[in-house]
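These notes are about the structure you will find just below.
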Amino acid sequence: MKKLLITLCLGFIVLSCTESKIDNTTSNCSDWQLVFRNDKNGTPVYGTKQQLINDIRRGYPVRVGWASRRRRDTTKSVEHVSDADFITVANAEEVFVQIKPFLAQRPDLNSDTLSMTLMANQSSWILGTNGLISSVGRNFAKDTAAAYPPGKFGFDLSWFVNKPVNELSNKNKEAHPFLWD
């Protein structure tokens, strides 16, 4: 019994010290790819909404990005990216995502040292491929909350999908049925 235990321990040590070989064709590595962009009116400016929907139906994670520039000085800008927390495909033609609530921040883009200040407001947003954004804001200092109906916020939305590397070279693969056949 003692010899068997020593043999098993030695075998485990040898196996754990051996370098493992990874086959790149079956690797689980992935890469975030821009698959769709819509302007503030919901007009497609890059990719197709159908590709985004297909990737969502495959179960790939989604991120949404947007940016804004100052009107008086376009060299001053901020860019934001957030993971989609809850995704809805409506009528197989529009995508809406909820992003996690976040504390508002105010950038100081004019100082020599750039900085951000947290505000006493928290926002929850739903962003859509049709350019509409709805939100709920909560002001902790005033102990108030306000819901804002869908409207246009004046910026483009960029939709990113985290695809496995082997999927990147197989763009024509059809989406698997989602929830029903």
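The values are calculated or read from the model by the stated rules, or taken from the named source; none is laboratory data. Since we're looking at a predicted model, the values are computed, not measured. Remember, those area values only see protein heavy atoms, side chains included, never the ligands or the DNA or RNA. Shrake-Rupley method; radii C 1.70, N 1.55, O 1.52, S 1.80 Å.
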When all protein chains stay in place, what accessible area (Å², nearest 10, 1.4 Å probe) is found for residue 118? 110
Tell me the accessible surface of residue 123 in square angstrom (1.4 angstrom probe, heavy atoms of protein chains only), to the nearest ten. 20
Round to the nearest 10 and report in Å² the accessible area of residue 62, as given by a 1.4 Å probe over the protein chains' heavy atoms. 0
Got a number for carbon plus sulfur as a percent of segment 46-141's accessible area, 1.4 Å probe? 48
Explain nothing, just compute: Karplus ³J(HN,Hα) = 6.51 cos²θ - 1.76 cosθ + 1.60, θ = phi - 60°, for every residue of segment 129-139 in order, whole Hz, x for Gly and Pro. 5, 8, x, 8, 9, 10, 8, 10, x, 10, 9
Output wanted: per-residue J couplings in Hz (rounded whole) for segment 86-99, from phi through Karplus 6.51 cos²θ - 1.76 cosθ + 1.60, θ = phi - 60°, x for Gly and Pro. 8, 10, 10, 9, 9, 6, 6, 9, 10, 10, 10, 10, 9, 10
List 155, 96, ordered by accessible area with a 1.4 Å probe, largest first: 96, 155
